[in-house]
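Trainee: Quick one: structure below, then a few questions.
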Amino acid sequence: LFVAETSIMTKLLQWLLGVSLLGAIWAVVAFDLLELSLTRTYREVAWPMPLYLLVSFGCYSLATVGYRVATFNDCDEAARELQEQIKEAKDDLKKKGLRM
């Protein structure tokens, strides 16, 4: 369990680092914090960039979920085993006097 929590935190920190770097770069370009003498075009493109990235991330997430749902493997053997266990449980309960 500890290993799983550590890998989750590592992934979280990776995402936070990436978002922080992108945010810092965006702020430098959008607000011209380092006085790089960028043309107005760069700032005009930079302002809506967070929205574009958010929409792109949403599209990627939907595509990933859709793909994984479409390629989800059925577990026929596990389903049969579960049905058998349900039947055994019902039979056991009937023997103990429970009516269904």
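The values are calculated or read from the model by the stated rules, or taken from the named source; none is laboratory data. As the structure is a prediction and not an experimental result, all values here were calculated from the model. The accessibility values were calculated without ligands, DNA or RNA, using every heavy atom of the protein model including side chains. Shrake-Rupley method; radii C 1.70, N 1.55, O 1.52, S 1.80 Å.
Trainee: Which of the residues belonging to segment 72-97 are aliphatic (A, V, I, L, M) and open to solvent by 90 Å² or more (accessible area, probe 1.4 Å)?
Mentor: If the condition is that a residue be aliphatic (A, V, I, L, M) and open to solvent by 90 Å² or more (accessible area, probe 1.4 Å), then Leu82 is the only one that fits.
Trainee: Here is a follow-up. Take Val69 and decide whether it is of a type outside the set (S, T, N, Q), at pLDDT below 90 and open to solvent by 100 Å² or more (accessible area, probe 1.4 Å). Even if it seems obvious, please write down each step before you answer.
Mentor: Details: of a type outside the set (S, T, N, Q): yes; at pLDDT below 90: no; open to solvent by 100 Å² or more (accessible area, probe 1.4 Å): yes.
No, not satisfied.
Trainee: Tell me, which residue of segment 34-58 that is assigned to a loop (DSSP other than H, G, I, E, B) and modelled with pLDDT under 90 is nearest to Val19 (Cα to Cα)? First the steps, then the outcome.
Mentor: As a first pass, look at segment 34-58 and keep what is assigned to a loop (DSSP other than H, G, I, E, B): 34-39, 47-48.
Narrowing the set further to residues that are modelled with pLDDT under 90 leaves 34-39.
Details: Leu34: 20, Glu35: 23, Leu36: 22, Ser37: 25, Leu38: 23, Thr39: 25 Å.
Here the residue is Leu34.
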